[in-house]
């Protein structure tokens, strides 16, 4: 089984963190294909960055499917481009936020997502609502830029710890969800430190993707995720040819 | 006052319909600047098309703001790219779906959106939910491609009529919302024919945009719509330079 | 175009504040007809006062419609008597709370209403819920009687400022809605002071009423707002003749 | 114990039906004081009629409380004036819709209200939502004027039966709630005929009112139901003196 | 009329407290049959204890119905086994949590349940949601074991008082619901002390049970509460013979 | 890795069906321990049967955990006893309904559960609501007893097919969830026949259980699922000793 993991931002070092997290939990027979989008912003912080990350993401998903991937994972906690990717692909596509929430729901009744920037908090609250978890999941921002997580000199990890402590005390959170793919390498450490379940969306998504493949399930194509209709495109995107991504 | 109206698909004839609807209801002192996106698909039907329409839309919004527009309207009923446009622009941005729903809520307790394709129905149900109207607004699809509305030989308008009749009978709809910018020119005719309020989102959005400008209100910038951070982009988008769209 | 603005309490000085706010934002061709109800309490604070304000309000709306008004505004933030007014009138009727919320929803994802008395807080929470905004709008009371807003010796405005500051900090409000018609004259000052959008319902309602008139839309009459049936009345109300308010 | 039952419409024959239903279920020691409002419309059908029924209703409640009633019931299925009555009175006040729903919730998971006119359907749906029963209770209108229930020559009762049959089949209703005080005398007959629980709000409210009195519970006065503030009134209502209804 | 009150835990001294509360409010003609379950844990604190309390509870309900009880009350605030009891019995069955919430809803818009242990808080929040009260009722735990309420040397009652004070201040609760049958004897004292309505579920349930009996209403049997099908049982339960509890 | 799969009814032939479904999808290194509860009803149809199935279920879960199982699955679509099992066990516990819904949510926006008996429909609607899927998942009953699925002479499978066809047409379901563990063997056949994703909860639960084990996640123990307190039990259950199930 081959699972494509797309980092939809263009920072390769973050892809390495993501790949490492994915490979740690993959089944023996699962091949993880971790790719960095070749097009778009270096990090995704809020609505504007998402827009310019999605075309590159879709290119990678189309390429991956053609190359034989059995499932795809979008490794950004905003589940950037998830609906479009599902419409495009015939293989199942999993977002790391939805995977993290679905997984945590099996082990806790109340939990909190701790994410990076305040500007990502409301988009995540919107996802929480969409995934039916509003009554049980809160969202907090530690006020740390995404890339600061990779900077050994920043205080990003201290701020993250501090926000987790607040969530445990004030939200009575029973478990913590890490709200950024770039936090994946901290999972084990934070579990030990806080003594509660800490969930990383990348790892969770790998297991969900493997599950769907083994179960023989893929995206339903008779409703909102019907395959896109090929149609003419104009302007810059004419060269870019989005219509060609659509499998015949 | 200058109101920018962006047709985010690349079909100029549809922009003409939109501009006509906008100009009919604009105040005497309002200048309508209707533009066709120069980049993207010829029609927007579902999640996939949306992705490739948004970059072109944002370019037009940034250009329009720089050229002195006081507000911007996104003239696609999916409210395509609305959140990103609000983050980008300092002028207010209005979607035609949200404008139509907000307007209809002043005159009816129960109403129905009639849109084009089944694949757009669930995205619109999602918007209805987001705008707090789930309890009072249903969505129906007449199963007609967007561009067929412009084809005098298609039966698109008959199917639309038939679905409106069903909404009035089965949903007990008190008013009808036209779920596609390309239906704007039918508003008056359908009102006469069915004897109920029929709401066109383009016209509704013009009035909401004028209202915001006159009231001196623009997008709040302290939460989810904080201005995007300028950051490096890679790939095709490096030339495209999304960072340059962000006003300093 | 003529817009009737009814102050449903019987304090003429508050009508002056309301009229001033309405006229500032009205279009060049719009005539504002601001009237004080001739019947009822001097201020509306909670459920009991509402009851005795509505008959006088309906009289003014019926008189205004007969005199040629194109739309009517109910200038009390409880949207007092709104449903009955819509059933009675054939012109559109707009409440200042619903107008303020609909308007603010175009520029902010999270916002807070700051109102006068605690006893008005729950009725407003009920409106917020009805208008589909529970997830994004909080309500706070500054604990100030309505008429104290007009008293230069009261500390009402200081308390209002203090509650706004709390809303910005604790609710992470992106915008503030002024929860009483009597606060309309403070809008500009508070915007400057707090640097966030501050929305006055009176001004917002004027723009919504103008919009409905220009769009040719009025209350749907096939459901809950069907015109009332004329029927016999007894007691004091026999002389008052509510049946005569109903247009034939 | 003395329970005041106010018929807020001015049709004495309907009060007789209500009184009969109330007395059948009252405890041995309970005195039922059934009164007809002396002021307002002969029947309450929709929002407009409600407005003119409430002042007369509040007069009766104030009089009843002064005369020693231990609790009050508002015997109109719209729960007309309930919030204002609770603010005014120091004795508990019960609406027949809320009593019927609360009672039915103990014996069925899914149920349907069958009411009179279509124009009352949406106000009742609003109450159902307010009372937290949206997920389990539907509302249907049999399209019969309220007073036709008293007319032996009308087909009102046949239409009611037909709508109940539809509710049992299409809604999978487990129980039926009669959505008008004027249907109270049909309860026993309809139970026999349909073999399911049929709930009359008047009878249900008597038991709830008795319960509150025996339990020593009355309306909480520290929030939305704080006693109204006495204040000046103008116009017709000056003579009517609503301020005098408020107990010192 | 005979009302069976089952204490589903096996602590007879708590049954005495419950019986006392029930008898204080029962009608003159009502006989209270208070029984202690003969099987199960000495107190019910959370999901695990509930499981082992239900079989004993159902035995008592079947015995009580056979012995002529007209209605049954489950006197544990978790409404332990309520759905199964309703399916089994032909007499109406009332839970003390649902009775307390339904009763309080008639006298307050916002209220708070104060219960014993944190592990019972989420099950009660779940009930609050199920009964449609999420928007108006909060749940707090005083962190006191159930049986400590009976221990004169524990500080349980002080902690309870302290949590009530917090609810009144922070939740703006208008009334307090006592979240454990073992608190019933404190009702009068706490009312005097805090000056707000304090509701005991046992007493509330007695009045609801009497109401249902007088109204001639019992559990609807055409949906979720259809009588169980008699079927073979294996293991320990074969001797216990649950099938025999089902009335033919 | 060892996954315990408990059939909480006492019909061994159904356990065989369940075990077969589980083993088909288990990873190479996963050992499936399928056990039949030794205590309780032969099938679980509604609330009453659930009660008598749970003690036997908990015994098997405690035994399985002691014997080294890494996770446990409750193989009844009502998720019978799930909360109590989670409180009891230190290994993760997965219900087949929640696993099926969580899995289907990755591949479809709208879907329908088709279950056996009408009396199970409302309990399943309750689960759908609890799992946050009310807006996207409907429940239908094919009106077939659980054990008839095993009877080659019954028309159970035809009725199931017919109900699936109705769900696809009337609910616009994009995928079907089989609402009974006894339907697991039909999955592949129904997929071929209807050409849409068909989800079996047993298989889905195996993948979720494996995922949790690999991810190193187990039930959070600081909230509703805190380990039960050992306490005295009386009656039949004294011998049964539920306290002994609790790990020290």
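The values are calculated or read from the model by the stated rules, or taken from the named source; none is laboratory data. Since the model is a prediction, treat every value here as computed from it, not as a measurement. Ideal geometry is used to build each Cβ from the backbone, glycine not excepted, and the neighbour counts take in all protein chains shown.
Before moving on, here are some points about what is shown:
- Of all the listed residues (A:188, A:203), the sole one being within 21 Å of the chain's Cα centre (by Cα), surrounded by fewer than 18 Cβ atoms within 10 Å (Cβ to Cβ), over 30 Å from residue B:119 (Cα atoms) and within 11 Å of chain F (Cβ to nearest Cβ) is A:188.
- Some residue of the stretch C:160-181 being closer than 30 Å to residue B:178 by Cα, within 12 Å of chain B (Cβ to nearest Cβ) and without any contact (Cβ under 8 Å) to a residue 40 or more places away in the chain: no
- For the stretch B:34-50, the tally of residues that are within 7 Å of another protein chain (Cβ to nearest Cβ) and part of a loop (DSSP other than H, G, I, E, B) stands at 6.
- One residue stands out among those in the stretch C:79-117 that are within 14 Å of chain D (Cβ to nearest Cβ) and farther than 23 Å from residue D:45 by Cα: the one that is farthest from the chain's Cα centre (by Cα), which is C:117.
- Of the numbered criteria (1) buried (at least 23 other Cβ atoms within 10 Å of the Cβ); (2) assigned by TED's automatic domain parsing to the domain that holds residue C:155, the one residue C:89 fails is (2).
- Count of residues meeting criterion [farther than 20 Å from residue F:201 by Cα and in contact with a helix residue (DSSP H, G or I) (Cβ under 8 Å, 6 or more places away or on another chain)] in the stretch F:59-83: 2
- If you go through the stretch F:43-59 and pick out every residue that is over 11 Å from residue F:8 (Cβ atoms) and either in contact (Cβ under 8 Å) with a residue 40 or more places away in the chain or not assigned by TED's automatic domain parsing to the domain that holds residue F:12 (or both), you end up with 3.
- Lone unmet requirement of (1) in contact with a helix residue (DSSP H, G or I) (Cβ under 7 Å, 6 or more places away or on another chain); (2) assigned to a loop (DSSP other than H, G, I, E, B); (3) modelled with pLDDT under 95; (4) away from chain F (no Cβ under 14 Å) for residue E:196: (3)
- Residues located in the stretch B:30-42, provided they are more than 15 Å from residue B:72 (Cβ to Cβ) and touching a residue at least 60 places away in the same chain (Cβ under 8 Å): B:42
- Flag if residue C:227 is within 27 Å of residue D:52 (Cβ to Cβ), in contact (Cβ under 8 Å) with a residue 24 or more places away in the chain and within 14 Å of chain D (Cβ to nearest Cβ): yes
- Residue-level check: of (1) facing chain A (nearest Cβ under 9 Å); (2) touching a residue at least 24 places away in the same chain (Cβ under 8 Å); (3) surrounded by 24 or more Cβ atoms within 10 Å (Cβ to Cβ); (4) within 30 Å of residue A:187 (Cβ to Cβ), residue F:211 misses just (2).
- Residue ID - nearest to residue A:225 (Cα to Cα), chosen from residues in the stretch B:10-34 that are touching a helix residue (DSSP H, G or I) at 6+ places or on another chain (Cβ under 6 Å) and surrounded by 24 or more Cβ atoms within 10 Å (Cβ to Cβ): B:14
- Flag if residue B:46 is at positive phi and either within 15 Å of the chain's Cα centre (by Cα) or modelled with pLDDT of 95 or more (or both): yes
- If you go through the stretch C:116-164 and keep only what is within 30 Å of residue B:133 (Cα to Cα) and surrounded by fewer than 16 Cβ atoms within 10 Å (Cβ to Cβ), you end up with C:134, C:135.
- The selection criterion, being assigned by TED's automatic domain parsing to the domain that holds residue F:156, over 22 Å from the mean Cα position of the chain (by Cα) and farther than 19 Å from residue A:174 by Cα, does not hold for residue F:182.
- If the condition is being touching a strand residue (DSSP E or B) at 6+ places or on another chain (Cβ under 9 Å), over 16 Å from residue D:25 (Cα atoms) and part of a helix (DSSP H, G or I), then the stretch D:171-182 contributes no residue at all.
- Screening the stretch E:135-159 for residues that are modelled with pLDDT of 95 or more and part of a loop (DSSP other than H, G, I, E, B) and picking the one that is farthest from the other protein chains (Cβ to nearest Cβ) gives E:142.
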